[in-house]
Amino acid sequence: MVEGPPSGSGGSIPRKEEPDSGHVSIHVTLAEQRLPSTMRRRQFIRGGAAAAGTALGVSAVGFGSPRTTEAAPSTPEPSDTIMPGTAHETPVYVVEGAESGPTAVAVGGIHGDERSGILAADRLLEWDLAAGRLVVIPRANRVAVEQDTRQGEHGDLNRQFTPDGEPATELARALWDRVVEADPDVLTTLQSSKGLYGTHPDFVGQAVFPTAAGDAVTVAESATATVNDTVVPWYMPFHDFRVGHPLSGDAPLLSHKVGGDLGEPAHIVEATEYLLDDEAGARWTERLATELLAGHGLERAGGDA
Amino acid sequence: MTATANPRRVLAGPAVVVAFALLTVPLVAGALDSAFMTPLAFPGYLVLTIGSAVGNLLFPNFALWVYWVPFAMACYGIAVVAGIGYRAARGGG
């Protein structure tokens with residue numbers, strides 16, 4: 001049950017979104033014959049890839065298109081907005097579960113060029129919750145998202161959440177106030193990196209960074225193990241999610257501040273952009289968020305995962 | 001390889017072309033669209049990922065896409081060696 005997917009006021013992702021990917025038919029239907037030739041070629045290639053996978057007795061485990069099997073997205077409306085009337089105005093969505101339970105906050109777009117996290121946040125809006133409450137801010141740094149840049153008007157938003165103090169900018173303060181108002185039992189930021197944590201020394205992709213607070217580390221270990229077993233294909237072993245160092249609460253990042261100031265568990269989820277397109281990254285991120293939030297008591301309705 | 005090996009066949013023979021294509025094409029397809037990522041990409045995936053890991057360690061200021069160039073060169077080298085091995089196994093020059 002959602003109160004809203006991306007509306008016009010929420011802004012959009014500048015990069016062209018890929019069409020649905022994954023399910024392939026090698027049979028050409030009348031409808032497909034009317035497709036532009038480039039799309040027909042694309043479908044043919046996908047058909048060949050699928051046939052090759054079938055011949056090998058395997059399938060592209062993590063890359064099926066969920067949109068071919070999921071219900072069409074609903075059109076939720078935001079419950080409120082952050083910094084209304086400004087360039088930073090961005091919607092907040094609240095997904096209410098059927099029964100009471102813990103409250104989770106999910107934040108996407110804290111860096112404007114991390115598209116898989118933004119798309120993953122959009123997907124959370126379609127969740128049905130058995131219990132609990134999910135507050136989603138898909139485009140936290142709307143200006144940066146619209147510019148497709150990491151930073152917005154006042155530098156890196158995720159370096160402005162001063163530990164034990166007032167956040168450094170108006171946008172960071174507004175976001176922090178909204179997080180505090182939500183009174184979260186857990187928070188997760190949905191992000192991405194260009195490389196692979198532990199493989200490419202300067203990058204943090206395919207990792208979860210839990211807070212030292214609460215049981216975040218244990219939950220992260222369980223969630224990554226599940227996702228690695230069920231989503232990441234065996235032929236991409238370096239893409240297995242890892243659990244990064246615990247967040248101590250002494251750095252000016254949102255998740256740090258939640259752990260340090262509020263004493264609540266939080267996670268930074270980092271998918272990778274290395275050999276993984278935005279849609280696939282969004283699906284993996286969403287699956288990881290599902291496992292993480294379930295570990296903190298936020299259960300999706302049956303069959304929704 | 002025999003003493004009468006034709007350099008052109010050694011460097012660009014059919015076996016070399018096929019081996020190079022097997023290493024590169026599935027990975028390039030998977031990189032362009034994750035829906036195309038299949039087990040066929042696994043050999044190229046290992047070459048690119050290990051190569052970029054070493055490269056990122058040595059040259060941390062380089063973007064990761066840079067390593068597609070040494071990846072292609074490495075795949076060509078592997079393909080030449082594979083081609084030599086293939087022709088040696090067949091007993092041909």
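The values are calculated or read from the model by the stated rules, or taken from the named source; none is laboratory data. All figures in this text were calculated on a predicted structure; none of them were measured in a lab. Methodologically, a virtual Cβ is constructed for each residue, glycine included, from the backbone with ideal geometry; neighbour enumeration extends over all protein chains shown. With ligands, DNA and RNA removed, areas are computed over all heavy atoms of the protein, side chains included. Shrake-Rupley method; radii C 1.70, N 1.55, O 1.52, S 1.80 Å.
Kindly indicate the residue of the range B:13-43 that is out of contact with any helix residue (DSSP H, G or I) (no Cβ under 6 Å at 6 or more places or on another chain) and under 19 Å from residue B:89 (Cβ atoms) and also nearest to the other protein chains (Cβ to nearest Cβ) among those meeting that condition.
Result: B:22.
In the range A:99-116, which residue that is among the charged types (D, E, K, R) and surrounded by fewer than 24 Cβ atoms within 10 Å (Cβ to Cβ) is nearest to residue A:270 (Cα to Cα)?
Going through the qualifying residues, I end up with A:113.
Residue A:215 versus (1) open to solvent by 10 Å² or more (accessible area, probe 1.4 Å); (2) on the phi > 0 side of the Ramachandran plot: which is the lone unmet condition?
Among (1) open to solvent by 10 Å² or more (accessible area, probe 1.4 Å); (2) on the phi > 0 side of the Ramachandran plot, residue A:215 violates only (2).
Output the qualifying pairs, or none if there are none: Cβ atoms under 6 angstrom, residues six or more apart or on different chains, first residue in the range A:146-174 and under 16 Å from residue A:111 (Cβ atoms) and among the β-branched types (Val, Ile, Thr), second residue at pLDDT 95 or above and open to solvent by less than 20 Å² (accessible area, probe 1.4 Å).
Every condition considered, the pairs that remain are A:149/A:112; A:169/A:160.
Which ones in the range A:268-290 are assigned to a helix (DSSP H, G or I) and more than 10 Å from chain B (Cβ to nearest Cβ)?
A:282, A:285, A:286, A:287, A:288, A:289, A:290
Out of everything in the range A:169-227 that is out of contact with any strand residue (DSSP E or B) (no Cβ under 7 Å at 6 or more places or on another chain) and acidic (Asp, Glu), what residue ends up being nearest to residue A:259 (Cα to Cα)?
A:215
Please find, within the range B:44-64, the residue that is farthest from the other protein chains (Cβ to nearest Cβ) out of those that are closer than 29 Å to residue B:10 by Cα, over 12 Å from the mean Cα position of the chain (by Cα) and open to solvent by less than 20 Å² (accessible area, probe 1.4 Å).
The extreme case among them is B:55.
Can you tell me which residue among B:79, B:12, B:41 is open to solvent by 20 Å² or more (accessible area, probe 1.4 Å) and small (Gly, Ala, Ser)?
After applying the criteria, what remains is B:12.
What strands (runs of 3 or more DSSP E) completely inside the range A:90-203 contain at least 1 residues that are aromatic (Phe, Trp, Tyr)?
A:90-96
One residue is enough: does the range A:135-158 have a residue meeting the conditions open to solvent by less than 10 Å² (accessible area, probe 1.4 Å), closer than 24 Å to residue A:248 by Cα and within 14 Å of another protein chain (Cβ to nearest Cβ)?
No, the range A:135-158 has no match at all.
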